[in-house]
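Input: a single structure, listed below in structure tokens.
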Amino acid sequence: MAPGEFLALLGGSGSGKSTLLRLVAGFEMPDAGRVLLDGADLAPLPPHRRPVGMVFQGYALFPHLTVFDNVAYGLRRDGAARAEIARRVAEALALVGLERLDRRRPHQLSGGQRQRVALVRALVRRPRVMLLDEPLAALDAGLRERTGLELRAIQRATGAAFVMVTHDQAEALALADRVAVLDQGRLAQLGTPVALYERPATRFVAGFLGAANVLEGRAAGGVIACAAAGCTLRPAETPPEGPVATALRPERIRVLPPGAAAPAENGLAGTVTERAFRGESWLLVVRAGGGQALRVVLPAGAAPPAAQTPVALAWDAASVVVLAG
Amino acid sequence: MHHPTLAGVRPEASFASTVANGRRCAMRRCGLIAGLGFLWAPILLLAGYAFSADRIPFQWGGLSLRWFGALAANDRLIEAAWLSLRVAAGAASLATLLGGLAGWALVRGGAFRGRAAFGALAGAPLVLPEVVTGLSLLLLFVALAGATGWPAERGATTVLLAHATLGTAYVAVVVQARLAGQAREMEEAAAALGAAPPIAFLTVTLPLMAPALVAGWLLAFTLSLDDVVVASFVSGPAGTTLPIYLFSRIRVGLTPEINALGVVILGVAGLALGAAAWALRPRRG
Amino acid sequence: MCRALILAPPLLWLALFVAAPLAILGAIALSEPAAGIPPFASPLAWDGGWPRWQGTLASLAALVEDPLYAEAALRALRVAAVTGALCLAIAYPMALCIARARPERRPLLLLLVLLPFWTGFLLRMSAWIGLLRDEGWINGVLQGLGLTQAPLPLLYSEAALMLGMVHSYLPFAVLPLFATLSRLDPALEEAAAALGARPAMAFWTVTLPLSLPGAAAGFLLAFIPAAGEFVIPELLGPPEAQLIGRVLWAEFFQNRDWPLAAALALALLAVLVLPILLFQRLEVRR
């Protein structure tokens, strides 16, 4: 991980993402493997000696201390001088616009204010790595996007490396420089948000990010015969021979005009079983000839076919991503 | 930073299992073990020496059950114990009825006039020193006898009434804790399903209260069996309860019979607590 | 209507057996001692249908005039305060360990703390007498090891009194501390550690201040009953340990001075009214 990078650990519940964070913070000990920071092993260091800051899921603000004392807590442990503490706490609170609330107790703050106090409490010690455990999960949906962008701006301004744990794929894709997808305690894929979305490596990543359609089939001579979907796929790059799985993004599928026939390759004929309006788009569920149901997303402006009508679908070769596992 | 594989991390590992904490936890465990040792040592020694044949208590004279035999043959002690059990059962039953009503009224009665005063009255016996409770109840019984001729003689009945008053306070607290938070919603759900208030009380509230009533009864029962001070004040010549008898005996000197009685009470208390734990056990769902 | 029916029995009961006795206690404290049964004269006499005041402040005045009573009250408060402090010191690590134990183990550990409370108060006292007296177990062990020649006078001492008090009231201190500590979010101490606090510092700056309400409730739960205690000083304490509960008992049962005993009870209540109100505030805040 690079200095000043924003890394998101993305996974469902039980995927080990929080455990990984607690491992870096020192609250859990690894049975095997090492945690390295700038080449130095962190293992012999207890949590309070590690140069990391942490924002807890419920924020863990000290209820008996004021906002000022919460933020000053770490500086006092470092033995900073009184004047320096006052100056740095004031700076930190100004960074998030809370300078007027420094005498308040945590229970007198709103959820967004608490989140910002928890953030600057960890940041004020200038840690090299910031660990954030679901920092936005406790906020209202409306507040989440704005707070996320603020988080990103603060990260850029301070230059600290951020590691954020989240179960929300949109949050991870929008905020992080790189995203690590965890599946049952193992790293499934690590890459930039665009790379992860466009070229998922595994079935799990394809399904978790943007709910891609996964088509199973058998590859021979550059084409994949897909019995469940009842179609033939020709990816842009030649797939390995034998059984393979491919991912096809719902928004990359086109609906052909009524009466048009589906192409022999990279296309199929089916029936619309469900149609749902989602505001910015339409979601169609199409039952393909082979029986498999495919998700298709159309922009809101399009006129979608009605439910229970036959439909022909097509897509580009570049949209077919061959999965590794 | 390198990404460690997580396969080796125990998922159930928690804060308490970390190394730095492990040492502190061991220190705390020493504190707990020392505290429990302090609480239990005299009791276990008492129980152990109950099986000693020696005439002097807490002196080992070989294994024997003779003091259990002496206990069974001690008519005055058996009589006092029997009286205490009857008083305790009566007081606990009365306290459960009154405390159950009081606890329900305090949680579900809404804001009636004098609710604060009612709450303070119900809680007062919990915090009043025993000598104050005992003396004030005795003065009440004397005043009542002067005004109405009842109670003509103090004894088991007056002890029962006094213990029922103490027990009511304890039962009310236990019932309040049990009902707080859930009673209103449950009763409303019953009403929404077509239950008239008395039916809702019988089919929903009472089963909800039942574990607290059982625990409260046991609490009031043991409280009554253990009380010396209040009973000494309000009792008369005809009302020698077990604690009054034991107190007079211990003041004179110890006998190994008392150790044997300790073993019997320990066994009964263990059974009673087991029953309470069973009644209050967490239910699934 | 239905509510009034439910409310009436406990309300009448409490009015008769809690409120009325305290009112009578106040009245008797103002009455004149007299020979006879009961041994006092009512403070109000009826003269042809008119009440006539014949009470006296003599008993209350005696409390102030004779330094014996003030000393007894102060001694009782001191013994109760030491009892509360010792209980707290022993109970805190116990409660902390139980609160941090695995959840499925906690009921058993709590049961181990509470069970001694259910084994009979007098039996526990007799066990202490058996352990502490001259030919008792502790002196036997000390002499057997050759540490002392003659038995130490352990029983009927201040130390024996404190042992009995702490042993009796320790479970009361553990419970509220456990309730407070088990509700604390473990993430708070982790947050302190992540901010650079050593474990001892994290405890001192986070856990300890947040557990103060529970500690105060635990202290008061031991302090309030200990202040009026009669049986423990009588059985284990030195004869000169005339605590207020013991003085009240003696005035009532030996001297048969009921008005003075009632006045002493009022004095005990007056001394305890602040701790009791404080305790009830702590309970309400939970």
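Where a number appears in this text, it was derived from the coordinates with a stated rule and is not lab data. Every value quoted in this text rests on a predicted model; they were computed, and no experiment measured them. Cβ sites come from the backbone with ideal geometry, for glycine too, and all protein chains shown count toward neighbours.
Each of A:Ala288, A:Ala25, C:Leu16 was placed along the dipole of the protein assembly as shown (beta-carbon charges, centred on the mean Cα), and the one lying farthest toward the positive end is A:Ala288.
The modelled label-to-label distance between C:Leu16 and C:Glu71, using points 7 Å beyond Cα along the C-beta direction, is 4.4 nm.
Per residue, the average separation of C-alpha pairs within less than 8 Å and at least 6 apart gives chain A a relative contact order of 17 percent.
What shape does chain C take by its C-alpha gyration tensor, where a ≥ b ≥ c are the square roots of the eigenvalues and a/c under 1.5 counts as rounded, a/b above b/c as prolate, and the rest as oblate?
oblate
Structural descriptor for chain C: relative contact order 26 percent, calculated from alpha carbon pairs under 8 angstrom and at least 6 residues apart.
Counting neighbouring beta carbons within 10 Å and listing from fewest to most, the residues A:Leu294, A:Leu313 come out as A:Leu294, A:Leu313. Rounded if a/c is under 1.5, else prolate if a/b beats b/c, else oblate: with a ≥ b ≥ c from the C-alpha gyration tensor eigenvalues square-rooted, which is the stretch A:1-151? Here the stretch A:1-151 falls in the oblate category.
Highest mobility in the GNM of chain B, judged by mean-square fluctuation with C-alpha springs under 10 Å and restricted to B:Arg184, B:Arg28, B:Arg251, is found for B:Arg28. Note on chain B: dipole from Cβ charges, positive end direction compared against B:Ala72, B:Ala95, B:Pro197; the farthest Cα belongs to B:Pro197. Using θ = phi - 60° in the Karplus curve 6.51 cos²θ - 1.76 cosθ + 1.60, the 3J(HN,Hα) couplings for the stretch A:50-62 round to 7, x, 10, x, 9, 10, 7, 4, x, 6, 6, 6, 6 Hz; x is entered for Gly and Pro. Footprinting exposure proxy ranking of C:Ser42, C:Ser211, fewest other C-beta atoms within 10 angstrom first, gives C:Ser42, C:Ser211. Among C:Phe203, C:Phe17, C:Phe230, the residue with the largest mean-square fluctuation in a Gaussian network model of chain C, with springs joining Cα atoms closer than 10 Å, is C:Phe17. Principal axis extents of the C-alpha atoms in the stretch A:74-197 (largest first, rounded to whole Å): 48, 31, 25.
To the nearest ten degrees, helix A:111-123 and the longest principal axis of the Cα atoms of chain A are 70 degrees apart. Ranking A:Pro106, A:Pro135, A:Asn266 by how far each Cα lies toward the positive end of the dipole of chain A (charges on Cβ) leaves A:Pro106 at the top. Across the stretch B:27-37, coupling constants 3J(HN,Hα) worked out from phi with the 6.51/-1.76/1.60 Karplus curve, θ = phi - 60°, read 5, 5, 4, 4, x, 5, 5, 4, x, 5, x Hz, and Gly and Pro carry x. Projecting the alpha carbon convex hull of chain A along each direction and taking the average yields 19.9 nm².
The mean number of Cβ atoms from other chains found within 10 Å of a Cβ in peptide B:140-148 is 4, as a whole number. Remark on A:Met130: its backbone amide H falls under 5 Å from those of A:Gly53, A:Ala161, A:Phe162, A:Val163, a criterion applied only to residues 5 or more positions apart or on other chains, H modelled at 1.01 Å from N.
Backbone phi angles across the stretch A:31-41, fed through the Karplus curve with coefficients 6.51, -1.76 and 1.60 (θ = phi - 60°), yield HN-Hα couplings of 6, 8, x, 10, 10, 10, 10, 6, x, 9, 6 Hz in residue order; Gly and Pro are listed as x.
The translational diffusion coefficient of the stretch B:126-285, from Stokes-Einstein at 25 °C and 0.890 mPa s with a Kirkwood hydrodynamic radius over alpha carbon pairs, comes to 132 µm²/s. Distance from the Cα centroid of the stretch C:129-173 to that of the stretch A:110-143 is 57 Å (rounded to whole angstrom). Can you tell me which of B:Trp67, B:Trp104, B:Trp40 moves the most in a GNM of chain B? Springs connect C-alpha atoms under 10 Å apart. For chain B, modelled as a Gaussian network with Cα springs under 10 Å, the answer is B:Trp40. Over the stretch A:95-161, Cα pairs under 8 Å with separation of 6+ residues give a relative contact order of 35 percent.
Taking a Cβ cut-off of under 14 Å around B:Leu77, the surrounding Lys, Arg, Asp and Glu residues balance to a net charge of -1, with basic ones at +1 and acidic ones at -1.
Just tell me, in residue order, which DSSP H segments of chain C are both 20 angstrom or longer along the helix axis (alpha-carbon based) and at least -1.0 in mean Kyte-Doolittle hydropathy.
On the way: long enough: C:67-100 (49 Å, 1.26); C:158-183 (37 Å, 1.13); C:212-227 (22 Å, 1.77); C:258-285 (39 Å, 1.74).
Membrane-span-like by this rule: C:67-100, C:158-183, C:212-227, C:258-285.
Summing charges over neighbours of A:Leu131, with a neighbour being any other residue whose Cβ is under 14 Å away from its Cβ, gives +1 when K and R count +1 and D and E count -1.
Dipole size of the stretch B:71-279 about its Cα centre, with +1 on Lys/Arg Cβ and -1 on Asp/Glu Cβ: approximately 280 debye, rounded to the nearest 20.
Once you sort the root eigenvalues of the Cα gyration tensor of chain B as a ≥ b ≥ c, which label holds: rounded (a/c under 1.5), prolate (a/b larger than b/c) or oblate (the other case)?
oblate
The fewest-to-most ranking of B:Ile258, C:Ile24 by surrounding Cβ atoms within 10 Å reads C:Ile24, B:Ile258. When DSSP beta bridges are restricted to pairs lying wholly in chain A, around 70% turn out antiparallel. Of the beta bridges in the stretch A:6-198, as assigned by DSSP with both residues counted there, near 30 percent are antiparallel. A Förster radius of 41 Å combined with the Cβ-Cβ distance from B:Phe38 to B:Leu85 puts the calculated FRET efficiency at roughly 0.85.
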